[in-house]
Amino acid sequence: EYDELDLSTQPSINRYIFDIADQAGLSEVRRTTTHSHLGTVPRVRPSDLRMTHGVHLAMNDSPAELIERRLGLEHIDTDITLDSIYIWIEDRLNE
């Protein structure tokens, strides 16, 4: 996927991250901030991106062990669990 991105400028990288956050529904619950070159975007925290990555892996049928390892769930202090990832997916599919 990275080959398809225009990584020549920082705004293009940030825009990609904010688009993912928006697709994950984070813009619905996060305060927004305005950037002159990006417009109004959700405030994104590292934990948001970790959750987004976990959801992406789970929706692509990655094994639970892989998701835990890729997110570092055994090594960091976080509220994210595999159950919270699967619950988030189920809630979004039921909307």
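Points to keep in mind about this one:
- Of the GluC sites (Glu not before Pro) in region 48-89, those whose Cβ has at most 16 other Cβ within 10 Å and which sit in DSSP loop: Glu74
- Net charge in the neighbourhood of Pro63 (other residues with Cβ under 13 Å of its Cβ; Lys, Arg +1, Asp, Glu -1) is -1.
Rule-based calculations on the coordinates, nothing more; no lab input. Because the structure is predicted, anything quoted here is derived from the model rather than measured. Glycine gets a Cβ as well: all are built from the backbone with ideal geometry, and neighbour counts include every protein chain shown.
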